[in-house]
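The values are calculated or read from the model by the stated rules, or taken from the named source; none is laboratory data. Not measured: the values here are computed from a predicted model. Because the Cβ atoms are built from the backbone with ideal geometry, glycine has one as well, and the counts that use them run over all protein chains shown. Ligands, DNA and RNA are stripped out before the accessible areas are found, and what is left, the full protein with its side chains, is counted by its heavy atoms. Shrake-Rupley method; radii C 1.70, N 1.55, O 1.52, S 1.80 Å.
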There are 2 protein chains.
Amino acid sequence: MNRIITISRQFGSGGHEIGKRLAARLELPFYDKDILRLVEENSHYSEEYLLENEEQVPSLLNGPYYGSGHTSFYPQISTDKVFFTISHVLKDIAAKGPCVIVGRCADYVLQDFHPLNFFVYASTESKIQRKLQQLKDNGQTLVTSDEMKKQIRYVDKQRAKYYEFYTDKKWGQPSNYQLCLNTTDLDTDKAVDVLLAYLKLIS
Amino acid sequence: MNRIITISRQFGSGGHEIGKRLAARLELPFYDKDILRLVEENSHYSEEYLLENEEQVPSLLNGPYYGSGHTSFYPQISTDKVFFTISHVLKDIAAKGPCVIVGRCADYVLQDFHPLNFFVYASTESKIQRKLQQLKDNGQTLVTSDEMKKQIRYVDKQRAKYYEFYTDKKWGQPSNYQLCLNTTDLDTDKAVDVLLAYLKLIS
């Protein structure tokens, strides 16, 4: 595979793990939110600050009266700067060669590199079950299905707004991707196999 | 393949031909708008009447003052009856066993049969080129790119409205499908291969 692969994913769809395993199978570098560590090295932002501002939608509600601390005084400027700093680092990474990148609007940011863009999604019920299983596997505090449903809804709304704000395109709209894969009844390895089969057929 | 496969497709995406070839490769019956002939046999509607009313959105603009002839006097009732008649025939077909069905909201109508639903789409430019090539291949009168663009836009809008009216779901929204495939840079046989690979992996 001599192209950059980007994976956009709904929260709880398994898209992150699919990207990770796909990268391993293709023996390509894998980038997810750990990319923020690279951004930290290339900017004056701390990783903590980046985590706080990344994938956040600029909003007046995040302004001085409603937000917390230094990051929210100029919310628009903060989030814009973080977006552009991450984009810059993404382009540096892409310039080095093929890799797999999860999230970060990489399909849009790297459009000049003609990446292959996948969207991974699933039914709400299956996302709830997958996330609850993850909590269990990691020995983390369990939450109710309803609480998890709210969290999924919140994260996906944030991702959609962030994407739409910076790309002027609709998150999860098929036209942004080469292939959209529903993982409702598909386990992670099967999903990776589907993407690998696709990549083999088009190469 | 022991399941029903439905294919929803943008006009000019090659989805119809993909469905046809997929059915041939799987040795399954294939149904597209020829299904209207079956509907004709099972109703008092003529094929001509069905063609006129199918995939049309009920609208007051199709009413007595604006429409033409008998089909438009009670537009809502006409299109509803056609939709329900086609749905009835679709269910009869599905009850007989696995097959490939293109269009006709089959993914929704046949949901109790748990079909595998694919959505095939492409960039506007690639759809224009595909349709112009088809006209050329069939020795039909060529139109300009702009005229074709308008036609594509019109047909897809009609399909979207028809689907949304009868299913309360958004046409082309990934959640309605197991896999969405972009055929912008994919020829028909490769697209069939991708769907076959997917079907093999999940079976």
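Values for this structure:
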item	result
Top-ranked residue in the stretch B:161-186 [being assigned to a helix (DSSP H, G or I) and open to solvent by 20 Å² or more (accessible area, probe 1.4 Å); ranked as modelled with the highest pLDDT]	B:SER175
Candidate set from the stretch A:161-179 (those that are among the charged types (D, E, K, R) and within 14 Å of the chain's Cα centre (by Cα)); member that is farthest from the other protein chains (Cβ to nearest Cβ)	A:LYS161
Filter pass, B:ILE7 being crowded, with 17+ Cβ neighbours inside 10 Å, modelled with pLDDT of 75 or more and outside any helix (DSSP H, G or I)	yes
A:SER43 being within 14 Å of the chain's Cα centre (by Cα), polar (S, T, N, Q) and open to solvent by less than 80 Å² (accessible area, probe 1.4 Å)	no
Qualifying position, being among the aromatic types (Phe, Trp, Tyr) and at pLDDT 80 or above, among B:TYR45, B:TYR31, B:TYR74, B:TYR65	B:TYR31
Set B:ASN117, B:ASN182: member being under 17 Å from B:PHE30 (Cα atoms), within 10 Å of chain A (Cβ to nearest Cβ) and touching a Ser or Thr at 6+ places or on another chain (Cβ under 9 Å)	B:ASN117
Which listed residue, of B:GLN151, B:GLN133, B:GLN158, is away from chain A (no Cβ under 14 Å), part of a helix (DSSP H, G or I) and without any contact (Cβ under 8 Å) to a residue 60 or more places away in the chain	B:GLN133
Selection within the stretch A:104-124 - open to solvent by 70 Å² or more (accessible area, probe 1.4 Å) and either among the small types (Gly, Ala, Ser) or in contact (Cβ under 8 Å) with a residue 40 or more places away in the chain (or both)	A:PHE113, A:HIS114
